[in-house]
Amino acid sequence: MNGYTYPHTIENGAGERLTFLRLVPGRTGDRLEVENVVKPGEGPPMHTHHRQVEALTVEEGRIGYQRLGEAPQYAGPGETVVFKAGEAHKFWSAGDVDLRCTGYIEPADNVEYFLTALFESQRQHGGGRPGPLDAAYLVRRYRSEFSMAEIPAMVQRFVFPVLVLIGTMLGRYRKYADAPEPIPR
């Protein structure tokens, strides 16, 4: 059990609100059903869910989305976009109004914890980006599940371990004492 009560809503302070609606049994594990609202021009950076399928159905607005190495594409109300496990992607609100989507992530694994912690850090740091110590910790800890394609590999490999060491020495990671164990690939 993950310890969350549903619905569970998080906001990043930069125009993204994500509501985790419920966990339901899926083909490959628990399916986490979600609803998201994204302000025009906003959306997550290029990222990869190594084990999870992510699907978004546009309810209102227009979604812009892009897979790594491909041209941007767009979808409108009633259309569904699916990103396969291991497929680097990003999406954004491509219209003049808020984008509202429903969808799921399957299997849920640690995505709810990861995004909750990341959004909280982002919100605490003005909404633009998460704090560097938090980002380093979360991206390193959950690297078997998620990766951030927009952070250079050299930074993730060499700088992040140093930041994690600094954060550990400063006691900044006590807030992650109950963090779930990463799921191995």
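When the chain is treated as a GNM with alpha-carbon contacts under 10 Å, the residue of L165, L23, L133 showing the greatest mean-square fluctuation is L165. Calculated [222 nm] ellipticity per residue, helices only, for the chain: -5500 deg cm²/dmol; basis is -39500 (n - 2.57) per DSSP H run with n ≥ 4, divided by all residues, nearest 500. Selection among G95, Y173, G69 by position relative to the dipole of the chain gives Y173 as farthest towards the positive end (Cβ unit charges, Cα centre). Look at the alpha carbon pairs under 8 Å that are at least 6 residues apart: their mean separation over the length of the chain gives a relative contact order of 23 percent.
Using a simple spin-label model with pseudo-atoms 7 Å out from Cα toward Cβ, R67 and V97 lie 3.0 nm apart. Given the choices (1) 1.16; (2) 0.93; (3) 1.00, Cα Rg over 2.2 N^0.38 Å derived from the coordinates of this structure is entry (3).
Give me the accessible area per residue for the range 1-91, probe 1.4 Å, as a whole number in Å².
Per-residue value: 51 Å².
For the range 86-185, what relative contact order do you get, as a whole percent, if you take Cα pairs closer than 8 Å and at least 6 residues apart? Relative contact order comes out at 28 percent. Of the solvent-accessible surface of the range 95-166, computed with a 1.4 Å probe and all protein chains present, 61% belongs to carbon and sulfur. When the chain is treated as a Gaussian network with alpha carbon springs shorter than 10 Å, the biggest mean-square fluctuation among P152, P45, P77 belongs to P152. Taking every alpha-carbon pair within the range 1-95, the share separated by more than 24 Å comes to 21 percent.
Put simply, the Cα atoms of the range 48-124 extend 29, 29, 22 Å along their principal axes, the longest span coming first. Axis angle, to the nearest 10 degrees, between helix 132-141 and the longest C-alpha principal axis of the chain: 80 degrees. Computed from Cα positions, the angle between helix 160-169 and the longest principal axis of the chain comes to roughly 60 degrees. Any idea how far the Cα center of the range 112-162 sits from the one of the range 41-101, in Å? Between the Cα centre of the range 112-162 and that of the range 41-101, the gap is 20 Å.
Straight-line cross-link reach from K39 at under 12 Å between alpha-carbon atoms covers these aspartates and glutamates, not counting any fewer than eight positions away in the same chain: E11, E16, E60, D96, D98. In a fully extended conformation the segment linking L170 and E79 would gain 28.1 nm over its present Cα-Cα distance, using 0.36 nm per residue.
The values are calculated or read from the model by the stated rules, or taken from the named source; none is laboratory data. Quick caveat, the model's predicted, so the values are computed rather than measured. Counting neighbours? That spans all protein chains shown, and the Cβs are built from the backbone with ideal geometry, glycine included. These area figures cover heavy atoms from the full protein model, side chains too; ligands, DNA and RNA do not enter into them. Shrake-Rupley method; radii C 1.70, N 1.55, O 1.52, S 1.80 Å.
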